[in-house]
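Before any comments, here is the structure.
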Amino acid sequence: MAVGEYKPGLEGVPATQSNISYIDGQQGILEYRGIRIEELCQHSNFLETAYLLIFGELPTAEQYATFVRDVTYRRRIKYRIRDMIKCFPESGHPMDALQSCIAALGMFYPLPDLHDPALIYDASARLIAKMPTIVATFHLMRQGNDPVPPRDDLDYPANFLYMLNEKEPDPLAARVFDVCLMLHAEHTVNASTFCALVTASTLTDPYTVLTSAIGTLSGPLHGGANEQVMKMLAEIGTIENVRPYLERKIKNKEKIMGFGHRVYKVKDPRATILQELAIKLFDRFGHDRYFDIALELEHQAKEYLGDKGIFPNVDFYSGLIYRKLGIPTDLFTPIFAIARTAGWLAHWKEQLADNRLFRPTQVYTGLHNVPYTPMEKRVSTSAGDGVTRMASSSLP
Ligand code: SDX
């Protein structure tokens with residue numbers, strides 16, 4: 001393998017063939033199964049979009065009604081999963097709680113035949129259904145409260161907000177949240193979806209596939225950015241501080257959270273839609289001054305980053321919407337995971353249909369034929385420092 005063929009982060013390297021979604025990073029276009037995201041956000045909802053992504057086409061009225069019914073009646077979680085959540089530390093991150101529960105879920109629902117369409121459908125409906133319940137259950141229990149059971153009479157977005165806030169949401173709030181879920185549902189071969197593909201290619205079960213993907217999404221360079229954006233806006237604090245903040249970050253070559261994208265070199269089309277949704281929410285439920293700071297940051301960042309094709313991405317405005325919906329900041333990434341479950345399942349199913357185990361190669365940069373050094377002749381190197389530091393720490 002020639003060194004020249006190595007692309008760090010596999011940048012620009014096709015890792016799969018797929019017809020699930022399409023991005024044009026220069027034009028700022030995103031399509032799910034060929035339908036523009038703007039069209040779907042105007043006419044569809046998350047469950048219908050999830051069906052489109054996983055099963056390849058928009059459902060008929062009967063297919064949609066069946067899918068909604070099947071997801072609705074799979075929302076509840078086993079009491080043993082609830083008991084497991086009781087053992088988690090209140091200070092634990094909800095993404096770790098979610099990942100642990102999804103891994104455990106697989107023990108209750110073994111899949112004897114990965115290629116059985118009925119079992120793929122059943123597992124997909126169950127995972128779409130249970131992700132919100134797990135997130136809401138952890139949130140209530142970490143406060144010492146009993147979880148609120150899902151309500152079958154509420155639709156998918158309204159039921160999550162109900163389980164979380166213990167009251168029925170305003171219809172506009174539920175619709176805005178529904179569109180947020182659609183916007184986060186799928187995005188070609190992003191890091192967590194690539195991880196899902198690799199795990200799926202080993203022919204393990206979908207619960208394990210999602211466990212891998214959830215862990216990957218949690219990083220601040222990927223799904224964790226929405227939480228970091230809110231911390232950034234709080235740190236900036238006022239519109240007057242935007243420029244000094246920007247100048248300091250650029251000078252220190254530090255990344256501005258919620259900006260930039262490996263594919264989009266223009267503003268992420270999802271950020272544009274989220275910005276419009278935020279305005280609708282603030283018009284109805286009251287303004288948020290952090291939005292003014294965000295708008296000023298976007299405006300001023302153009303001077304420093306615009307020429308490099310660095311603009312707001314999906315994470316820049318999403319947190320402002322969730323905050324207005326009364327959602328705690330550390331639940332922003334779990335909500336991203338709830339939505340992206342649709343995309344992960346779609347790619348899992350597509351990989352299974354024409355599977356080849358992922359096993360790339362490497363460019364070896366190490367030594368060969370190194371002789372074994374007896375213990376008494378070894379000297380410590382910088383590589384070994386971590387071991388001595390760990391030994392002296394107070395951690396159990
Ligand atoms: C998501 O892949 C997906 O589709 C992901 C996602 C999805 O739906 O699944 O869209 C969701 O993860 C969105 C991204 C959320 N992450 C962030 O907002 C974190 C901040 N963003 C950056 O870390 C960064 O933009 C990435 C990781 C998103 C993409 O970066 P790349 O493609 O790896 O680019 P890079 O780090 O190599 O940077 C190239 C240049 C560098 O400058 P130079 O060294 O060439 O001078 O651009 C600069 C970087 O310093 N740069 C930034 C920047 N992002 C890149 N400078 C300041 N602020 C930033 N945010």
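Go through region 310-319 and give me each residue that's more than 8 Å from the ligand (Cβ to nearest atom) and part of a loop (DSSP other than H, G, I, E, B). Listed by number, the list holds a single entry, Phe311.
Each row is one residue, and each column tells you yes or no for (1) under 27 Å from Thr272 (Cβ atoms); (2) buried (at least 17 other Cβ atoms within 10 Å of the Cβ).
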{"position": "Leu10", "(1), (2)": "no, no"}
{"position": "Glu39", "(1), (2)": "yes, no"}
{"position": "Glu48", "(1), (2)": "yes, yes"}
{"position": "Tyr51", "(1), (2)": "yes, yes"}
{"position": "Ala61", "(1), (2)": "no, no"}
{"position": "Val71", "(1), (2)": "no, yes"}
{"position": "Ile81", "(1), (2)": "no, yes"}
{"position": "Cys87", "(1), (2)": "no, no"}
{"position": "Asp96", "(1), (2)": "no, no"}
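Please determine whether any residue of region 290-307 is out of contact with any strand residue (DSSP E or B) (no Cβ under 7 Å at 6 or more places or on another chain), outside the structural domain of Pro169 (by TED's automatic domain parsing), assigned to a helix (DSSP H, G or I) and within 30 Å of Ala123 (Cα to Cα).
Applying the first criterion (out of contact with any strand residue (DSSP E or B) (no Cβ under 7 Å at 6 or more places or on another chain)) to region 290-307 yields 290-297, 299-300, 302-304, 306-307.
Checking the rest, the ones that are also outside the structural domain of Pro169 (by TED's automatic domain parsing) come to 290-297, 299-300, 302-304, 306-307.
From what's left, assigned to a helix (DSSP H, G or I): 290-297, 299-300, 302-304, 306-307.
From what's left, within 30 Å of Ala123 (Cα to Cα): none.
Checking region 290-307: not a single residue is out of contact with any strand residue (DSSP E or B) (no Cβ under 7 Å at 6 or more places or on another chain), outside the structural domain of Pro169 (by TED's automatic domain parsing), assigned to a helix (DSSP H, G or I) and within 30 Å of Ala123 (Cα to Cα).
Thr188 meets each of the listed conditions (1) touching a residue at least 40 places away in the same chain (Cβ under 8 Å); (2) surrounded by fewer than 20 Cβ atoms within 10 Å (Cβ to Cβ); (3) not in a loop (DSSP other than H, G, I, E, B) apart from (3). Kindly evaluate Lys280 against the criterion of being among the charged types (D, E, K, R) and either within 13 Å of the ligand (Cβ to nearest atom) or at positive phi (or both). The answer is no for Lys280.
In region 211-238, the qualifying residues are those that are in contact with a Ser or Thr (Cβ under 7 Å, 6 or more places away or on another chain) and touching a residue at least 40 places away in the same chain (Cβ under 8 Å), and the one that is nearest to Ala123 (Cα to Cα) is Ala213. Scanning region 113-125 for residues that are assigned to a loop (DSSP other than H, G, I, E, B) and within 24 Å of Arg80 (Cα to Cα) yields a count of 0. Taking region 283-302 as the range and being within 16 Å of the ligand (Cβ to nearest atom) and either in contact with a His (Cβ under 8 Å, 6 or more places away or on another chain) or without any contact (Cβ under 8 Å) to a residue 12 or more places away in the chain (or both) as the test, the residues that pass are His299, Lys302.
Looking across Ile54, Ile81, Ile120, one residue alone is more than 18 Å from the chain's Cα centre (by Cα), closer than 16 Å to Thr341 by Cβ and at pLDDT 95 or above. It is Ile120.
Among residues that are among the aliphatic types (A, V, I, L, M), in contact (Cβ under 8 Å) with a residue 24 or more places away in the chain, surrounded by fewer than 22 Cβ atoms within 10 Å (Cβ to Cβ) and assigned to a helix (DSSP H, G or I), Leu164 is not included. Just one of the listed residues (Thr333, Thr341, Thr329) is among the hydroxyl-bearing types (Ser, Thr, Tyr) and more than 18 Å from Leu233 (Cα to Cα), namely Thr341. With respect to being within 11 Å of the ligand (Cβ to nearest atom), surrounded by fewer than 16 Cβ atoms within 10 Å (Cβ to Cβ) and free of Cβ contacts under 8 Å to residues at least 60 places away in the same chain, Lys265 falls outside the description. Tallying residues that are among the hydroxyl-bearing types (Ser, Thr, Tyr) and within 15 Å of the ligand (Cβ to nearest atom) within region 184-211 yields 3.
Against the test of being within 20 Å of Leu352 (Cβ to Cβ), surrounded by fewer than 20 Cβ atoms within 10 Å (Cβ to Cβ) and not polar (S, T, N, Q), the options Ala118, Ala123 yield a single qualifying residue, Ala118. Of all residues being in a loop (DSSP other than H, G, I, E, B) and surrounded by 10 or more Cβ atoms within 10 Å (Cβ to Cβ) in region 330-359, which is farthest from the ligand (Cβ to nearest atom)? Just the residue, please. Top of the filtered list is Asn355. Among the conditions (1) within 14 Å of the ligand (Cβ to nearest atom); (2) of a type in the set (S, T, N, Q); (3) closer than 30 Å to His43 by Cα, the only one that Asn252 does not satisfy is (3).
Go through Pro169, Pro157 for me and flag whichever is crowded, with 20+ Cβ neighbours inside 10 Å, out of contact with any strand residue (DSSP E or B) (no Cβ under 7 Å at 6 or more places or on another chain), assigned by TED's automatic domain parsing to the domain that holds Ala136 and not in a helix (DSSP H, G or I). Walk me through how you get there before you give the answer.
Values: Pro157 fails: not in a helix (DSSP H, G or I).
From the options Pro169, Pro157, the qualifying one is Pro169.
If I ask for residues that are in a helix (DSSP H, G or I) and either at pLDDT 80 or above or aliphatic (A, V, I, L, M) (or both), which ones from region 360-396 would you list? Those that are in a helix (DSSP H, G or I) and either at pLDDT 80 or above or aliphatic (A, V, I, L, M) (or both): Met375, Glu376, Lys377, Ala383, Val387, Met390, Ala391.
Determine which member of the set Gly366, Gly306 is free of Cβ contacts under 8 Å to residues at least 12 places away in the same chain, over 23 Å from Pro169 (Cα atoms) and more than 13 Å from the ligand (Cβ to nearest atom). That would be Gly366, the only listed residue that is free of Cβ contacts under 8 Å to residues at least 12 places away in the same chain, over 23 Å from Pro169 (Cα atoms) and more than 13 Å from the ligand (Cβ to nearest atom).
Annotation note: of Pro110, Pro147, the sole residue that is in contact (Cβ under 8 Å) with a residue 40 or more places away in the chain, under 21 Å from Arg82 (Cα atoms) and in contact with a Leu (Cβ under 6 Å, 6 or more places away or on another chain) is Pro147.
The values are calculated or read from the model by the stated rules, or taken from the named source; none is laboratory data. All of these numbers come straight from a predicted model, not from anything done at the bench. Glycine gets a Cβ as well: all are built from the backbone with ideal geometry, and neighbour counts include every protein chain shown.
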